[in-house]
Structure formats: C-alpha cells, structure tokens
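> Could you have a look at this structure, given as structure tokens, before my questions?
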Amino acid sequence: MKAPDKLADSVRKRWPDRADAWLTSISPELDELTRQHSATPQRVLPARYAFVVTATSPRGPLIFRASPDPAALDQATVAETLGHLGVGPKIHLTTSTDTGSWTVMEQVIPGTPLADANPATLDIEALACPLRAMAGQPAPSTGLPLITDWLRDRLTDDNLTELPVGEQVAPKAERVHALELLDELSADMRPALCHGDASPWNVLAGPDGRWKLIDPRGMQGEPEYDAAVMAYKLERFLRLPDVAAPLTTVGALDLTRRSAWGKIVRAARV
C-alpha cells in the first residue's frame, strides 16, 4: 500500500523538507508493524495529512496511522488520554521513526463521521457525553503547547492561508475583538484536557450510540473550546441552529466561557 496522490501532494506542500523521505518509508514500516500485530491491511482511508490504513487482527479491527507531523507525539499523548476516558479509540502503540511516527489503535465501529449524520435524528445529549467526560480533566502533559497561542497566531495573521473551504480571513475589527476575548480567557484559564479540533470529521459514531473523538490537535486548552468548535461546525455544515447551548449544558461546561470561545472560533476561521 502507498500514500494516495492527494495525500502526497498535501504533505509535500506542508512539510517539503521531510515529505519524500516519509512517503518512501511508510510502506516498509507498515509491513513491519502489521507483522508485529499479526494484522492484515485492508484499505487506505482518506486523510489530509496522515496515512491511515484499516486492518484485521486477532484483537479485532485496527487502525494504523502514520504521520510526518513533528507534533504527532503531542497528538498521540492527548489521544491516549481520550482513549483511557473511553471517549476516543484505545491506543495500542505509539512509536517514532526517523521520518515521522506511527499510532496503532482500535478501529471505531461503525465509524460514521458526524459530518455524515442525519441532522433530524442527531442526539445532542449523546454528542455532549465526550465533552462531559473531559470536563475537569488535567492536561496529559504540561509540555503540550497552548491552544491560545495557536489561536493568537491565526488571529494576527492578515494573510492566513490555512482556511476552511469557502472561508476568507475575518475582517480586522472582528479579529481584534476576538484577541481581546482571548486575553480575557487566558488570564484565568487553567490549561486542561482539550481535543483541539472537534470538527465533524473527527467525531465518529461508536458502538451503542456513543461518539468517539479522533485526531486531536495535541494542545492544552479547555473543553469549552471544543464545545464552541463543535457547535460552529455543526451550524455551518449540518445547518443545525442553536446547538451550542445544549452542548454546553449537557456537557456540564461554563456557558460564559463557551460563548466567548465561540466568537474566537469564528474569527480565527478554525
């Protein structure tokens, strides 16, 4: 198996100095890892910046995920914590290589992304359960970068290029106001467990109607930020109005902070 052309192009644009070595290494590394886990690769899943393969194994369906991202180990640290809480897939292995890193984890079944959910039947209470489980949990490592620093970089970049499809950089006045809110939140924020990228493609349907979070950003923050991102994306992509309040209430989160995060999320075009 090899990386799809679209993935290869994306990786070359984002990490031009390491892309070719990584792309060359993933096939033999996958062979070795699947041998170690007595696994049989099945198919390559679509992903923007990672090589993701489903596999069968004696311990059940697995996911093998390779990434050239220098921050991949931070992401794995958060993913392991989400797995321990039961709101993310269980991580079986995280390992570094000369060109990147690999994560071996359980496969979420059925695995339907929230982006493909039926808005008419979506259970907001079930969707808020992962947020409630994360509330009050400490960051898995004090060495993780802060989500506030990442957002500040986006809000001060007049030429931001990494934008959602169809979006443009927010007007200066909107970003200035968002920076003021960010300063207020940062003043009394206690860095905690945070997914950091709760988009509808990173929330998968699991067994018994439970939702699982995958591909965290690998930063410290707070679950109110995740609730704001999730609500913003649901409103934008599934046309679901007024989901922010019930997500916050059911998730046992702070309504005022989630509201402020919501304005920052929109201005930063996350």
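Quick note: the coordinates plus some simple rules give every number you see, no bench work behind them. Not measured: the values here are computed from a predicted model. Cβ: placed from backbone, ideal geometry, glycine included. Neighbour counts: every protein chain shown.
> Can you work out the base-10 log of I(q)/I(0) for the stretch 47-172 at q = 0.19 1/Å, using the Debye formula on its C-alpha atoms alone?
Here the Debye-derived log intensity ratios amount to -1.35.
> Right, next: Which three extents, in angstrom, do the Cα atoms of the stretch 147-210 have along their principal axes, listed largest first?
The Cα atoms of the stretch 147-210 stretch 45, 34, 14 Å along their principal axes.
> Right, next: With n ≥ 4 as the cut-off for DSSP H runs, can you work out [θ] at 222 nm for the chain, using -39500 (n - 2.57) per run divided by the number of residues, rounded to the nearest 500? If you can, show how the numbers build up before the last one.
Working: 9 runs with 114 residues, N = 270.
About -13500 deg cm²/dmol.
> Which of Val44, Val243 has the fewest other C-beta atoms within 10 Å, and how do the rest follow up to the most?
Values: Val44 16, Val243 21.
Lowest count first: Val44, Val243.
> To the nearest Å, what is the center-to-center distance of the stretch 75-101 and the stretch 197-270, using C-alpha atoms only?
21 Å
> Is there a pair in Lys172/Lys263; Lys212/Lys233; Lys90/Lys212; Lys2/Lys90 whose C-alpha atoms are over 18 Å apart, and which pairs would that be?
Values: Lys172/Lys263 14 Å; Lys212/Lys233 16 Å; Lys90/Lys212 10 Å; Lys2/Lys90 25 Å.
Lys2/Lys90, as the Cα separations exceed 18 Å there.
> Could you identify which residue out of Ile109, Ile26, Ile147 has the top mean-square fluctuation in a GNM of the chain using Cα springs shorter than 10 Å?
Comparing Ile109, Ile26, Ile147 in the GNM, the peak value goes to Ile109.
> At a 10 Å Cβ-Cβ cut-off, how would you order Tyr49, Tyr225, Tyr232, fewest neighbours first? Intermediate results must be reported in sequence, preceding the final value.
Numbers: Tyr49 15, Tyr225 29, Tyr232 21.
Least crowded to most crowded, the residues run Tyr49, Tyr232, Tyr225.
> Mind listing which trypsin sites (Lys or Arg not before Pro) in the stretch 219-258 are in a DSSP loop and have 12 or fewer other Cβ atoms within 10 Å? Display every interim value, and only then the final one.
Details: sites: Lys233, Arg236, Arg239, Arg257, Arg258; in loops: Arg239.
Taking the stretch 219-258 and a limit of 12 other Cβ atoms within 10 Å, the loop trypsin sites (Lys or Arg not before Pro) found are Arg239.
> Follow-up. Treating each Cα of the stretch 114-268 as an identical point scatterer and ignoring solvent, apply the Debye formula and state log10 I(q)/I(0) at q = 0.08, 0.11, 0.17, 0.18 Å⁻¹.
Debye curve over Cα of the stretch 114-268, log10 I(q)/I(0) at q = 0.08, 0.11, 0.17, 0.18 Å⁻¹: -0.21, -0.40, -1.00, -1.12.
> Between helix 223-237 and the chain, what is the angle of the helix's C-alpha long axis to the longest principal axis, kept within 0 to 90° and rounded to the nearest 10?
Here the helix axis deviates by roughly 90 degrees.
> Which of Trp261, Trp102 comes first, and how do the rest follow, when ranked by fewest Cβ neighbours within 10 Å?
On the way: Trp261 31, Trp102 22.
With the fewest neighbours first, Trp261, Trp102 line up as Trp102, Trp261.
> Separate question: Using only Cα atoms, find the angle between the long axis of helix 255-268 and the longest principal axis of the chain, and express it within 0 to 90 degrees, rounded to the nearest 10.
That works out to roughly 70 degrees.
> In square nanometres and to one decimal, what's the mean projected area of the convex hull around the Cα atoms of the stretch 5-106? Don't jump to the answer; show the numbers that get you there.
Numbers: hull surface 24.6 nm².
So the Cα hull casts an average projection of 6.1 nm².
> Taking H as built 1.01 Å from N, whose amide H comes closer than 5 Å to the amide H of Arg217, not counting residues under 5 places away?
So Arg217 has HN proximity to Gly196, Asp197.
> Give the whole-number value, in cubic angstrom per residue, of the convex hull volume spanned by the C-alpha atoms of the chain. Intermediate results must be reported in sequence, preceding the final value.
Numbers: hull volume 34.5 nm³, N = 270.
Each residue corresponds to 128 Å³ of Cα convex hull volume.
> Please check: in the Gaussian network model of the chain (C-alpha springs, under 10 Å), which one of Gly166, Gly88, Gly221 has the largest mean-square fluctuation.
Of the options given, Gly166 has the highest mean-square fluctuation.
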